[in-house]
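Colleague: Just passing along the structure, written as structure tokens.
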Amino acid sequence: MSFIADFHIHSKYSRATSPLMDLENLDKWAKIKGIKILGTGDFTHPEWFKNLEDKLKPAEAGLFKLKKMESPTRFILTSEISCIYSKGGKVRKVHIIVFAPSIEAVKKINNKLSQIGNLKADGRPILGLDAKELAKIVFDASEDCMVIPAHLWTPWFAIFGSKSGFNSIEECFEDYTKHIYAVETGLSSDPAMNWRLSQLDRITLISNSDAHSPQKIGREANVFETEISYQGIFDAIKTKNPKKFLYTIEFFPEEGKYHYDGHKVCDLVLSPQESKKYNNICPRCAKPLTIGVLNRVEELADRTEGYRPSNAIPFKSLIPLEEIIAESVGTSTVSKMVQKQYDNLIENFGTEFGILLDRKKEELEKISSPEIADGIIKVREGKVQIEPGYDGVYGKINIFSKSKISVSGRKFVSQKTLF
């Protein structure tokens, strides 16, 4: 039986994170969304790690569950670490997701990292540590750990980021590159964009929510059909086996907040081609543009758009159910009407992913409305229009209108195909 996993989230001990990001609320929302395995996030933070020890108990090998209730949700030990350091004459800022197979491995990692920086300051600690040195510490703790570059293309804090990243995995991790089995695509890119880089052919592309509030978990996720255990997941990722790693669930990448180039303070968004006309300088304030993911992909790609490797893991692009309902009824996601419709659908069909991925239009119409059912099917088929995100501003998706005009006066129409 297949199951859904979201490995990269944050706890209430991370900056700009909801106080509701505790284990009980994460368990609740995992069941609503239809997520079987959820990353703990932030295991380096002393208080959060104490929570994990106090409230979780072992379940299947390498996985954990809540002590005080029976729940299908399983937790896997994960954390994100920010490495900021100088290398090759540049300041590098690289975020790394670490997976650990046991509490004992986490203790070893935390002990070493606490000698380098202040782990209490943030759930995602900032350390003056070379990414390859972090890899050494992690793999010394356990050879079954995983080190995965987070949100691969984010301009400011990613291994391929335009502001402070590298041009290859080898340049960053050197001798440890052979132990890097996966990268996280991030909200502003999808697998099809990453397939354009031959250097990623051996690498598994995973997708996670990077959620800062419980409702956001699962906005990107991974679908497996393998043994429910740490080793089962590890093997599926390491071997890039399409029979065990079925597909990823993606944002439409245009909706990510760094997809296009632009300058937020000047209310300017540009395609990579337009940025080149201005030499990557904002024509309104003469300061450098924030170069987005699509532009950076174009820079590093050695293949044309549309190329698909023979060993590629498929993907499906979705929009959260509350957003679909909100547009269908013409109101905001926080309205009572949207919440009523959302709760009604969940009550009748069980989980959000079950609704978004599997339910037929006729079934949806009986429980909700023709408009909501139509919206869900349009998203499933990729029939959406998008204003691309830029410079920290999320993109805007329109499901029902025939066209959408961007802030710079251009029309964007994206017809996405599910691979």
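Here, each number is a calculation from the coordinates, and none is a lab measurement. Remember, it's a predicted structure, so these values are computed and weren't measured experimentally. Glycine gets a Cβ as well: all are built from the backbone with ideal geometry, and neighbour counts include every protein chain shown.
Colleague: What are the residues whose amide H is under 5 Å from the amide H of residue 63, where those residues sit 5 or more places off or on another chain and H is modelled from the backbone?
Modeller: Correct list: 230.
Colleague: Here is a further query. For a distance above 27 Å, tell me the whole-number percent of Cα pairs in the stretch 12-166 that qualify.
Modeller: Values: 2813 of 11935 pairs.
More than 27 Å apart: 24 percent of the Cα pairs in the stretch 12-166.
Colleague: Let me ask something else about it. Based on the mean of other Cβ atoms within 10 Å per residue, sort peptides 32-40, 296-304, 367-375 so the most packed one is first. Show your work: numbers first, answer last.
Modeller: On the way: 32-40: 24.2, 296-304: 15.2, 367-375: 19.2.
Output ranking for 32-40, 296-304, 367-375: 32-40, 367-375, 296-304.
Colleague: In addition: Considering only DSSP beta bridges where both residues belong to the chain, give the percentage that are antiparallel (nearest 5).
Modeller: Numbers: 38 of 53 bridges.
About 70 percent, rounded to the nearest 5.
Colleague: Separate question: Would you mind calculating the relative contact order of the stretch 3-254 from Cα pairs under 8 angstrom and at least 6 residues apart, reporting the percent as a whole number?
Modeller: On the way: 580 pairs, mean separation 53.0, N = 252.
Contact order relative to length: 21 percent.
Colleague: If the chain between residue 201 and residue 171 were fully stretched, how many nm would it gain, using 0.36 nm times the residue separation less the Cα-Cα distance? Write down the numbers at each step before the final one.
Modeller: Details: separation 30, 0.36 × 30 = 10.80 nm, distance 1.67 nm.
Fully extending the segment from residue 201 to residue 171 adds 9.1 nm.
Colleague: Right, here's the next one. Return a whole-number percent for the relative contact order of the stretch 318-381, with Cα pairs under 8 Å and 6 or more residues apart as the contact set.
Modeller: Working: 56 pairs, mean separation 23.9, N = 64.
With pairs under 8 Å counted, the relative contact order is 37 percent.
Colleague: Mind sorting out which of (1) 20.9, 62; (2) 20.9, 68; (3) 22.2, 75 is the real Rg and Dmax of the Cα atoms in Å computed from the coordinates?
Modeller: (1)
Colleague: When the Kirkwood hydrodynamic radius is evaluated over all pairs of different C-alpha atoms of the stretch 1-91, what value in angstrom, to one decimal, is obtained?
Modeller: Working: mean 1/r = 0.0709 Å⁻¹.
When all Cα pairs of the stretch 1-91 are included, the Kirkwood radius is 14.1 Å.
Colleague: What is the distance in Å between the Cα centroid of the stretch 353-394 and that of the stretch 1-15?
Modeller: Between the Cα centre of the stretch 353-394 and that of the stretch 1-15, the gap is 23 Å.
Colleague: Order 80-93, 384-397 from most to least packed using the mean count of other Cβ atoms within 10 Å. Walk me through the numbers before you get to the answer.
Modeller: Values: 80-93: 16.4, 384-397: 22.1.
Packing proxy ranking, top to bottom: 384-397, 80-93.
Colleague: Let me have the 222 nm mean residue ellipticity of the chain computed from DSSP H runs of 4+ only, each contributing -39500 (n - 2.57), with the sum over all residues rounded to the nearest 500. Don't jump to the answer; show the numbers that get you there.
Modeller: Values: 14 runs with 124 residues, N = 419.
For the chain, the value works out to -8500 deg cm²/dmol.
Colleague: Hey, got the dipole for the chain? About the Cα centre, +1 on K and R Cβ, -1 on D and E Cβ, debye to the nearest 20? Present the calculation step by step, with values, prior to reporting the outcome.
Modeller: Numbers: 59 positive and 55 negative charges, 118 e Å.
Using only the charged Cβ atoms, the result is roughly 560 debye.
Colleague: By average Cβ neighbour count within 10 Å, what is the ranking of 214-220, 252-258 from highest down?
Modeller: Details: 214-220: 22.9, 252-258: 25.7.
Per-residue Cβ counts within 10 Å, averaged per peptide and sorted highest first, yield 252-258, 214-220.
Colleague: Could you list which residues have their amide H under 5 Å from that of residue 92, counting only those 5 or more apart in sequence or on another chain, with H placed in the peptide plane?
Modeller: Those qualifying (amide H under 5 Å, at least 5 residues apart or on another chain) are 85, 86, 87.
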